[in-house]
Amino acid sequence: MFGFLKGLGVTISQLPKKKVTVMYPEEKPDYPERYRGVHRFIPELCTVCNQCARICPTSCISLSGSRDENRKLRIETYDINFDICILCSQCTEVCPTEAIVMSDTFELASYTRDDFYLDMHWLHNNELEYERRHPDRAIPETDVQKKAGN
Ligand code: SF4
Ligand code: SF4
């Protein structure tokens, strides 16, 4: 009986306190800017230097590019295999232009492993979606153009 009352006391004492849980999936958690979720990609900033792919400890990044009419390297394909990505963020740390950045996207559950191979278009759409959710964190278009050297 004493144990029951003690437990009830703990429960009642928690009622007025601020809730730390959210009604997921209707309500999404608000993760901080440094949260390491699924990547977002800004193709205009990528210089095809390959540093992200070289440092990746699980070799889950594959990319290709070609030179445009001005002999400038442009990214053509950029894929990440999230079947083996460990979200360590090393790729984003070495990227000299911040073309690849982590986001707060975390919902990748699927019934098929094929869905874990995400290409440049998916990753870029994730960037656009991220900017929509966090307009205050978006890189201004002028900065993108400046960094891209256009
Ligand atoms: S987060 Fe880590 S494991 Fe994932 S792609 Fe980047 S370097 Fe590779
Ligand atoms: S994403 Fe960054 S590190 Fe990777 S190839 Fe492009 S510029 Fe280089």
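How high is the relative contact order of the chain, given as a whole-number percent (alpha carbon pairs under 8 Å, six or more residues apart)?
28
Taking a ≥ b ≥ c as the square roots of the eigenvalues of the Cα gyration tensor of region 70-122, is the shape rounded (a/c under 1.5), prolate (a/b larger than b/c) or oblate?
It comes out oblate by the Cα gyration axes.
Looking at the square roots a ≥ b ≥ c of the eigenvalues of the Cα gyration tensor of region 32-148, which shape do they give, rounded for a/c under 1.5, prolate if a/b is larger than b/c, or oblate?
Details: a/c = 1.67, a/b = 1.18, b/c = 1.42.
Since a/c reaches 1.5 but b/c is at least a/b, the shape of region 32-148 is classed as oblate.
By average Cβ neighbour count within 10 Å, what is the ranking of 19-25, 104-110, 69-75, 51-57 from highest down? Don't jump to the answer; show the numbers that get you there.
Values: 19-25: 7.7, 104-110: 13.0, 69-75: 11.4, 51-57: 15.9.
So the order, starting with the most tightly packed, is 51-57, 104-110, 69-75, 19-25.
Can you check what the net charge comes to around Arg74, using other residues whose Cβ is under 12 Å from the Cβ of Arg74 (Lys, Arg +1; Asp, Glu -1)?
Details: positive: Arg67, Arg71, Lys72; negative: Glu44, Asp68, Glu69, Glu76.
Within the 12 Å Cβ shell, the charges total -1.
Can you send over the carbon and sulfur percentage of the accessible area for region 32-148, probe radius 1.4 Å, protein chains only?
Answer for region 32-148 is 49 percent, counting heavy atoms of protein chains only.
Where only protein heavy atoms count, and the probe is 1.4 Å, what is the accessible area per residue for the chain in Å²?
Per residue, the chain has an accessible area of 69 Å².
Under the rule of at least 5 residues apart or a separate chain, name every residue whose amide H is placed under 5 Å from the amide H of Thr47.
Counting only residues 5 or more places away or on other chains, the set is empty.
The values are calculated or read from the model by the stated rules, or taken from the named source; none is laboratory data. Keep in mind that what you see is a predicted model, and the values were worked out from it rather than measured. Glycine also receives a Cβ, built like all others from the backbone with ideal geometry; neighbour counts cover every protein chain displayed. All accessible areas refer to the heavy atoms of the entire protein, side chains included, with ligands and DNA or RNA removed. Shrake-Rupley method; radii C 1.70, N 1.55, O 1.52, S 1.80 Å.
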